[in-house]
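The values are calculated or read from the model by the stated rules, or taken from the named source; none is laboratory data. Keep in mind that this is a model prediction, so the values were computed, not measured. Positions of Cβ are backbone-derived with ideal geometry, glycine not excepted, and every protein chain shown enters the neighbour counts. Accessible surface areas use protein heavy atoms only, side chains included; no ligands, DNA or RNA. Shrake-Rupley method; radii C 1.70, N 1.55, O 1.52, S 1.80 Å.
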Amino acid sequence: MAKKRWVSLATFLGFAIVVCVASTAAAEEFYKGKTIRFIVGYSPGGGFDTYTRLIARHFGRHIPGNPSTLVQNMTGAGTLIAANYLYNRAKRDGLTIANFISPLILQEVMGNKAVKFEGRKFGWLGMPTPDSGVCALTKASGIKTMDDWFASKREIKVGSAAPGGVTTVGPKLLKEAIGLPMKVIVGYGGTAKVRLAAEGGELDGGCWAWQSIKPTWSRALETGNVRVVLQLTLKSHPDLKNIPLAMDYAKTEEARELLRVINDAYGSAYRPYAVPPGIPKDRLRLLQKAFMETMRDPKLLREAKKSQLEINPLDGAKIAKKFASFYKYDSKLIARVKEIIEPKK
């Protein structure tokens, strides 16, 4: 009996090896001479673009057949144009990968008719790092501490890329949760343009990921012309131990719930990479594996360190689990978030 079990196990393992080798060979044949296209939902120069170009430079080495890569910026509607394109128009062959914001999944849950996809059907590859939301203000704003901000006689102007993105929704939920004097100015197209407007005195600053602000606004941070005054996360980032958390100022359970939404939808899984639904399963698994291998690639890690890009990856399965939790939000909370984000005129 034991001998039969060993024979069966050996047969199974042999079959598995043959299937694996055949799958790799098929993938190599498919990807050889091809180009994998990375679509970024934001404009050049921002954090999404910076991370994607880093990943694209190293990704092809981890795909059988060593395909080339290119990056295309497909901007508009807070990355919604890119996400809708991936779901509805991109070929389902494993040659198109898109990087867009996770709050679009929340927009789907809230019933936004502009969302033309079902988030649970995307093929999730992974994410280079969770985001740590912060608010960074210029020296010219006159705000050095949260006491200064709460005491401000005017609304502090923070810039926003688009209505559904973190630079808009995060501040709106934050303002409602803890009562900050703040005005969200929408329509800058990307965080690079928000930075320029803040440096020119048109804005006081903005609220988005420390992982993006640190590398792209490094000079202003070093000189003190820009400072981080608040963290939107549930716990401090190691770089920002002395910066207060928004949760410290929450006085009601509703306020705490709104801040948790910011952390969940606009932080911990904010910048995922996905492929269209329905691509061959073997290619999806290959791309998921290649993504995580790329995140551990020594050459990428050296380049990321030099560019001050944080790498703390999540795999596709963890991202899918996180997004599944969005569909379980209490209906009253979803209604309240929608009321804040999309107030009736």
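Summary of computed values
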quantity: Label-point separation in nm, residue 140 to residue 236, each point 7 Å along Cα→Cβ; calculated: 3.1
quantity: Sequence of 137, 221 when ordered by accessible area, the most exposed leading, probe 1.4 angstrom; calculated: 221, 137
quantity: Computed over the chain: relative contact order in percent, which uses C-alpha pairs under 8 Å that are six or more apart; calculated: 25
quantity: Residue-normalised accessible area of the range 131-173, given per residue in Å² at a 1.4 Å probe; calculated: 36
quantity: Residue 79 accessible area, 1.4 Å probe, all protein chains in place, Å² to nearest 10; calculated: 0
quantity: Neighbourhood charge, 15 Å Cβ-Cβ cut-off, centred on residue 155 and excluding it, Lys, Arg +1 and Asp, Glu -1; calculated: +2
quantity: Computed over the chain, Kirkwood Rh from alpha-carbon pairs, angstrom; calculated: 21.2
quantity: Beta bridges by DSSP in the chain, antiparallel share as percent, to the nearest 5; calculated: 50
quantity: Carbon and sulfur %, accessible surface of the chain computed with the full protein complex present, 1.4 Å; calculated: 55
quantity: Cα-based shape type of the range 72-169, given that a ≥ b ≥ c are square roots of the gyration tensor eigenvalues and the cut on a/c is 1.5; calculated: prolate
quantity: Sparse-neighbourhood loop sites, chymotrypsin sites (Phe, Trp or Tyr not before Pro) in the range 226-335 - DSSP loop, at most 15 other Cβ within 10 angstrom; calculated: 327
quantity: Accessible area of residue 248 in the full protein assembly, 1.4 Å probe (Å², nearest 10); calculated: 100
quantity: Sum of side-chain charges, residue 63 neighbourhood, beta-carbon under 10 Å (Lys, Arg +1; Asp, Glu -1); calculated: +3
quantity: Extreme residue, positive dipole direction of the range 253-345, given options 279, 307, 320 (C-beta unit charges); calculated: 279
quantity: Whole-angstrom Cα spans of the range 132-284 along principal axes, big to small; calculated: 57, 37, 30
quantity: Debye-sum result for the range 80-126 in log10 I(q)/I(0), which assumes one identical scatterer on each alpha carbon, at q = 0.21, 0.28 Å⁻¹; calculated: -0.69, -1.19
quantity: For the range 243-345: rounded, prolate or oblate by the Cα gyration tensor [a/c cutoff 1.5]; calculated: oblate
quantity: Nearest-20 debye value, the chain charge dipole, Cβ charges on Lys, Arg, Asp, Glu; calculated: 820
quantity: Estimated [θ] at 222 nm from DSSP helical runs (n ≥ 4, -39500 (n - 2.57)) normalised by residues in the chain, nearest 500; calculated: -13500 deg cm²/dmol
quantity: Helical segments meeting 30 Å axial Cα length and Kyte-Doolittle -1.0 threshold in the chain (DSSP H); calculated: 2-31
quantity: Heavy-atom surface of the range 178-244, accessible at 1.4 Å and reported per residue (Å²); calculated: 43
quantity: For the range 215-270 versus the range 80-156, the gap between their alpha-carbon centres in whole angstrom; calculated: 15
quantity: Listed residues 147, 49, 264 arranged by accessible area, highest first, probe 1.4 Å; calculated: 147, 264, 49
